[in-house]
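Undergrad: Okay, here's the structure, questions in a sec.
The values are calculated or read from the model by the stated rules, or taken from the named source; none is laboratory data. The structure presented is a predicted model; accordingly, all values stated were derived computationally and were not measured. Here the Cβ is made from the backbone with ideal geometry for all residues, glycine too, and neighbour counts use every protein chain on show. Ligands, DNA and RNA are excluded from the accessible area calculation, which covers all protein heavy atoms including side chains. Shrake-Rupley method; radii C 1.70, N 1.55, O 1.52, S 1.80 Å.
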Amino acid sequence: MTAPIHRLLAAARQDGASQVFLVHGDLVLAEPAALAVASELAAQHGGRVEPHRRPASLGPLLQDLRTYSLFGSAKVLLAVDTFVFADRSAAADLVDDAGEALPLQGGAGDAAALSARERLAASRLMQALRLFEIETGAAGGPAEQLLAQLPAWVFEGGKAARRGRGGRARGKRQAEELREGLAALLEAARREGIEGRAEGDVSDLGELISGGMPAGHFLVFAERDVSRDHPLARLLGERGAVAAVGEVEADRGGWQGVDLLAAELTRQTGIGIAQEALAELARRTLRKPGDRPGAGRGGEAAGASVTADSTARLAGEYRKLANLARAAGGGRIERRMVEESVEDRGEEDVWKLLDAIGAGHGGEAMDRLQRLLVAADDPAAARLSFFSLLATFCRRLTAIRGMMRVARVRGGESNYNRFAERIAPALQGDLPGGNNPLAGVNTWALYRAYLAASRLPEAVAAGLPWEVLETELQLKGESGEADAALARLVVRISAAAKGGPASARA
């Protein structure tokens, strides 16, 4: 049991502890950890654990807890992958609903009774405040002060409101006008004694967290997706009822968090895995959301979480390999077993593919290109997306060779620090006749392209724009052999670069 889970259970033993708990991270880790929490709570209170995976709604679960309390002394529900904490927009949606009744018919300072539409809007505003446990009565202070306690993003608009504005948030002035109108609505709601009645999963759960349940009743969540700013996640965090158990994230050149998965799967199966076997298993199974070129160096979201289905696939393949290792009398999974038993459906690193092309490693480049297309959910989209990157790379190679000639820069400088200090400024310098296409290019990206350009004969570099155009026409309809057209361009550049770095001045 990990340290975060130990801390959560320690908090659960305190007087007045929360009866709702949230364990989040990759589900391969979060689900068994949440089950351990639920089992511990059930053992302490003489109840039993009842698991629910991906329930369509929380309503029946919450009602079950309320109903069971009339007949039984203890019950623990485990809810897995509900997505109830994944989207913080529920609070903003409630504020938007309240704002639809503005301006008030009787005016901001008028004591006239609210209309039915305004009363419904006031109820929505009360619900939003209660999600953040803000006292809505007169004891909480002036309406303006109460609304100031809400985070700024709730006034920027929920999903529906943003769709109506083309995805844009409300501007600062619009948000302030909304806040002022809602203050008048809140004062009117107080005068009429309106209370927000919980409606929907988020509001119902918020009411349960704040109001509590009978002794011995608990609700434990195992979630992969939790919004950091979600009001209910914040409330549970303040009660010490949240534990993060880790997740797998894409890193430059690999994956972070895979060792956590391996440790948990080793615990479950009793079979360990060699480090090189784990690396190969991750390479063959893990993918980032979208699984598209461009999610990498210089433009990637380093630290982006991998898809849930790919970590589930890694876990499934691990269990299969563990069974094979046990049947063979071995004590751990070796790399050879992974290579022989696991189909390669992982994500290709497009930047390593471009590096292979620029280095003249044609065989490696073709292998990587084939893997990229075979593993893609949409090969046609993957082909066009990679071609876009390759076209940019080619244009950069042509520009670098041209600037090497204009600035009289030597090719093949292998020391990055000397390149950054002496060569990069020359390549990115001002041109008397117009803008330099290399201006603003990241220095490391420029260096990698410079090494590739140094290997190319100048005539090949000068002809790349035409070859890119020809390939684009073939990819977009003038050829029935799109893969062959892209492969020809890859082979053409790789073969030209194979001769090695040019050391003479261009």
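Undergrad: Since Ser210 meets every condition but one in (1) open to solvent by 20 Å² or more (accessible area, probe 1.4 Å); (2) in a loop (DSSP other than H, G, I, E, B); (3) at pLDDT below 90, which condition does it not meet?
TA: (2)
Undergrad: I would also like to ask the following. Taking the conditions exactly as written (out of contact with any Asp or Glu (no Cβ under 9 Å at 6 or more places or on another chain), open to solvent by 60 Å² or more (accessible area, probe 1.4 Å) and under 26 Å from Gly211 (Cβ atoms)), does His6 satisfy them or not?
TA: Considered against the rule, which asks whether it is out of contact with any Asp or Glu (no Cβ under 9 Å at 6 or more places or on another chain), open to solvent by 60 Å² or more (accessible area, probe 1.4 Å) and under 26 Å from Gly211 (Cβ atoms), His6 comes out as no.
Undergrad: Related question: Please state which of the following conditions Arg284 fails to meet, knowing it meets all the rest: (1) assigned to a loop (DSSP other than H, G, I, E, B); (2) at pLDDT below 90; (3) not aliphatic (A, V, I, L, M).
TA: Answer for Arg284: the failing condition is (1).
Undergrad: Give me the pairs, please: first residue somewhere in region 377-397 and free of Cβ contacts under 8 Å to residues at least 40 places away in the same chain, second residue anywhere and open to solvent by 50 Å² or more (accessible area, probe 1.4 Å), beta-carbon distance under 8 Å, and either six or more positions apart or on two chains.
TA: Final answer for the pair search is none.
Residue by residue, here is whether (1) assigned to a helix (DSSP H, G or I); (2) within 21 Å of Arg368 (Cβ to Cβ); (3) in contact with a helix residue (DSSP H, G or I) (Cβ under 9 Å, 6 or more places away or on another chain) holds:
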site	(1), (2), (3)
Ile400	yes, no, yes
Arg405	yes, no, yes
Glu421	yes, no, no
Ala439	no, no, no
Leu451	yes, yes, yes
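Undergrad: Quick check on Ala391: is it modelled with pLDDT under 85, open to solvent by less than 70 Å² (accessible area, probe 1.4 Å) and either more than 30 Å from Arg267 (Cβ to Cβ) or out of contact with any helix residue (DSSP H, G or I) (no Cβ under 7 Å at 6 or more places or on another chain) (or both)?
TA: So Ala391 does not fit the description; no.
Undergrad: So in region 44-59, with the set limited to residues that are closer than 12 Å to Ala222 by Cα and in a strand (DSSP E or B), which one is modelled with the lowest pLDDT?
TA: The extreme case among them is Arg53.
Undergrad: So, one more: Is it true that some residue in region 186-204 is modelled with pLDDT of 85 or more, surrounded by fewer than 22 Cβ atoms within 10 Å (Cβ to Cβ), among the charged types (D, E, K, R) and closer than 20 Å to Leu61 by Cα?
TA: Yes: one or more hits.
Undergrad: Within region 225-239, which residues are within 19 Å of His52 (Cβ to Cβ) and open to solvent by 30 Å² or more (accessible area, probe 1.4 Å)?
TA: Of everything in region 225-239, those that are within 19 Å of His52 (Cβ to Cβ) and open to solvent by 30 Å² or more (accessible area, probe 1.4 Å) turn out to be Asp225, Val226.
Undergrad: Next up: Residue under question is Ala139, and the condition is that it be modelled with pLDDT under 90, closer than 30 Å to Gly211 by Cβ and open to solvent by less than 50 Å² (accessible area, probe 1.4 Å); does it hold?
TA: No; evaluated as a whole, the condition is false for this residue.
Undergrad: Considering only residues that are out of contact with any Phe, Trp or Tyr (no Cβ under 9 Å at 6 or more places or on another chain) and assigned to a loop (DSSP other than H, G, I, E, B), which ones fall in region 225-238?
TA: The answer is Arg228, and nothing else.
Undergrad: Are any residues in region 471-506 closer than 13 Å to His361 by Cβ and either at pLDDT below 65 or aliphatic (A, V, I, L, M) (or both), and if so, which ones?
TA: Listed by number, the residues that qualify are Val490, Val491, Ile493, Ala495, Ala496, Ala497, Gly500.
Undergrad: Residue pairs, Cβ under 7 Å, 6 or more apart or interchain, first in region 209-233 and more than 27 Å from Pro32 (Cβ to Cβ), second open to solvent by less than 40 Å² (accessible area, probe 1.4 Å) and at pLDDT below 85. List them.
TA: Between residues of region 209-233 that are more than 27 Å from Pro32 (Cβ to Cβ) and residues that are open to solvent by less than 40 Å² (accessible area, probe 1.4 Å) and at pLDDT below 85, the close pairs are Pro214/Ser69; Pro231/Ala91; Pro231/Leu131; Pro231/Phe132.
Undergrad: Just give me the residues in region 6-56 being in contact with a Lys or Arg (Cβ under 6 Å, 6 or more places away or on another chain) and among the aliphatic types (A, V, I, L, M), in sequence order.
TA: Leu27, Ala42
Undergrad: Here's a follow-up. Return the only residue of Met366, Met337 being surrounded by 21 or more Cβ atoms within 10 Å (Cβ to Cβ) and modelled with pLDDT of 90 or more.
TA: Going through Met366, Met337 in turn, the sole match is Met337.
Residue-wise test of (1) open to solvent by 20 Å² or more (accessible area, probe 1.4 Å); (2) within 24 Å of Leu129 (Cβ to Cβ); (3) out of contact with any Leu (no Cβ under 7 Å at 6 or more places or on another chain).
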{"residue": "Ala11", "(1), (2), (3)": "yes, no, yes"}
{"residue": "Asp15", "(1), (2), (3)": "yes, no, yes"}
{"residue": "Pro32", "(1), (2), (3)": "yes, no, yes"}
{"residue": "Pro51", "(1), (2), (3)": "yes, no, no"}
{"residue": "Leu65", "(1), (2), (3)": "no, no, no"}
{"residue": "Ala74", "(1), (2), (3)": "no, no, yes"}
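Undergrad: Another question about this same structure. Taking region 5-43 on its own, how many of its residues are over 13 Å from Leu77 (Cβ atoms), touching a residue at least 12 places away in the same chain (Cβ under 8 Å) and in a helix (DSSP H, G or I)?
TA: Result for region 5-43: 15.
Undergrad: Another question, then. Of everything in region 340-362 that's open to solvent by 60 Å² or more (accessible area, probe 1.4 Å) and modelled with pLDDT under 90, which residue is farthest from the chain's Cα centre (by Cα)?
TA: That would be Glu343.
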